Amino acid sequence: MNIAIITGAAGLIGSESVNFFSEKFDLIVGIDNNMRKYFFGDNASTEWSKQKLIDTVANYKHFDIDIRNYSEVEKVFAEYGKDIKLVIHTAAQPSHDWAANEPFTDFTVNANGTLNMLEATRKFCEKAVFIFTSTNKVYGDTPNYLPLVELDKRWEIAENHNYYKAGIDENMSIDQSKHSLFGASKVAADVMAQEYGKYFNMNVGVFRGGCLTGPNHSGTQLHGFLSYLMKCAVTGTHYTVFGYKGKQVRDNIHSWDLINMFWHFYQNPRQGEVYNAGGGRFSNCSMTEAIEICEKITGKKMNYSYSESNRIGDHIWYISDLTKFKTHYPQWHWKYNLDDILVQIYNGFISR
């Protein structure tokens, strides 16, 4: 029997993973206790997503447990043992703003929770493929010191700086920078995941995501850039643009495209490998450009204002360079561009 365990199963990446891998595995075991509601309030609850999975995915089994509780995690792994072939760990506290309010909660969820998942995998199914969703915030604010130029609607890398033309690769230092407490807790988890791969020769892949997005995202002001932006565009809710003249750039990858990266890695895994994962040069935008696209799709002017204060540790310009992953897995390519993503998010909101 082939079993996949997915944490954060009702979240954006988790739910996409459940749907994707349910057609490839005998059983999908989901772990999610809806801490997103605790982090961001009722509007961010993933209860609707959990129920949808239970109702529509026949081979899905849900466990409402906290990944910080190792004894509960261990029970799940002990039940299925070596039939577990894949572990996708997406559960996290995902906001660098929120982390400063409860550092212990942030660190124990992100770092201790990841350690629990890694150790349970080593103990009960050491040959399984373990995929960890890290973040580009492990690089801290180092990207802000790249030579950037201000254009009409965005910041961009200077034309004579050829190394980062394709984006930021995995060789950028994660040291000596301001990460936010969230970034620091994810660094701890990121390095621990690498270590389990390299030290114990386990099949571990670490994916440092840019803006992960899609129609299943329960976006809030503190997390879920495109989803929350479109929600505000649809509802007329006020949106605040924080700093950098609204020209800060993000690359955006559809959740399906990221899960497809996981699938390629699963079929030919490596030990403790790290990949940047985002929309790259294929799918990216500035805040200003994203607002214009939302207005075009909805046919309404957005209700927004600008604040000079940027978020601590926020990136001015971040585009992922996926050269390493595409070299290792040349059959992979993006399926959804930025317009595809925003139209899907819009359709998702108006159909709920």
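Quick note: the coordinates plus some simple rules give every number you see, no bench work behind them. Model, not experiment: these values are computed from the prediction. As a convention, Cβ positions derive from the backbone with ideal geometry for all residues, glycine included, and neighbour counts pool all protein chains shown.
Things to note:
- Sparse-neighbour loop sites [trypsin sites (Lys or Arg not before Pro); the range 156-189; at most 15 other C-beta within 10 Å; DSSP]: K165, K178
- The spacing between the range 294-352 and the range 153-169, judged by their C-alpha centroids, is 18 Å.
- Antiparallel DSSP beta bridges within the chain, as percent of all bridges there, nearest 5: 15 percent
- Annotation note: trypsin sites (Lys or Arg not before Pro) in the range 85-142 located in DSSP loop regions with a Cβ neighbour count of at most 14 within 10 Å are K127.
- Extended-chain gain in nm, criterion 0.36 nm per residue less alpha-carbon gap, A158 and T323: 57.4 nm
- Placing pseudo-labels 7 Å out from each Cα toward the beta carbon at H238 and N310 gives an inter-label distance of 2.4 nm.
- For the chain, hydrophobic long helices are taken as DSSP H runs at least 24 Å long by C-alpha position along their axis with mean Kyte-Doolittle hydropathy of -1.0 or more; these are 180-199.
- Taking each residue as 0.36 nm, the span from E292 to D26 lengthens on full extension beyond its C-alpha to C-alpha distance by 91.4 nm.
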